[in-house]
Every structure is written in C-alpha cells, then in structure tokens.
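The values are calculated or read from the model by the stated rules, or taken from the named source; none is laboratory data. Keep in mind the model is a prediction, meaning the values are calculated, not measured. Every residue, glycine as well, gets a Cβ built from its backbone with ideal geometry; the counts of neighbours run over all protein chains shown.
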Amino acid sequence: MNLLQLDINQCPSMYSTPNAFKDTHKCDRKTSTCVPILGRGYETGGYKCECLQGYEYPFENAITYYDGQLVEAEFTNLVVNTQTR
C-alpha cells in the first residue's frame, strides 16, 4: 500500500485513539468545529471547519464551511509573512 494515499485526520478524536495528527487543525475552536474530509491523502488540510450553532458562514454561496486546505495555506502565509488575498 502506498502510504501517501492514507488520510491524515487532524480533527479531535477520543483520547484512546492513536493519531499523531490529532487536534492539529486550524479551525477557530470558539466558532467552528473540525470535520474530517476523507480522500485527500497524506496532506494537511483534510478537514472542513463548520460553524457552530449561533455562528454562520459569511458568504452567500453553496458552500457553508471553510475548507481546511485553504485555512492551512492562509496559516502558512501568516507564519512566513506573505501577503494573503
């Protein structure tokens, strides 16, 4: 089996579940929850940030969450001080 095809789960999971990437997502913990997206392989950002009750996605389109790959890319831009969109 090609290990690069394995999914990384960065979302929180049970304490007893072995996962080196557990709880490394970049979702805002006060306003959203992390939901894994399967099939993205061995890359960070295989999750989506869904708004908690009382909060809403600010844009009017068919998508109702922040994609983890976009969140990870923006975080990297912030760390290396690169201008974002």
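Before moving on, here are some points about what is shown:
- Members of region 3-50 that are in contact (Cβ under 8 Å) with a residue 24 or more places away in the chain and either among the polar types (S, T, N, Q) or touching a His at 6+ places or on another chain (Cβ under 6 Å) (or both): Gln5, Asn9, Gln10, Cys11, Thr31, Ser32, Cys34, Thr44, Tyr47
- Test: Thr84 is touching a helix residue (DSSP H, G or I) at 6+ places or on another chain (Cβ under 7 Å) and loosely packed, with under 10 Cβ neighbours inside 10 Å: yes
- Restricting region 50-77 to residues that are farther than 18 Å from Cys11 by Cα and among the hydrophobic types (A, V, I, L, M, F, W, C), the residue that is modelled with the lowest pLDDT: Phe59
- Scanning region 1-45 for residues that are small (Gly, Ala, Ser) and touching a helix residue (DSSP H, G or I) at 6+ places or on another chain (Cβ under 6 Å), we see that the one that is surrounded by the most Cβ atoms within 10 Å (Cβ to Cβ) is Gly45.
- Tally, over region 14-41, of residues that are part of a loop (DSSP other than H, G, I, E, B) and under 14 Å from the mean Cα position of the chain (by Cα): 15
- Within region 46-81, restricting attention to residues that are of a type in the set (A, V, I, L, M) and not in a helix (DSSP H, G or I), the residue that is surrounded by the fewest Cβ atoms within 10 Å (Cβ to Cβ) is Ala62.
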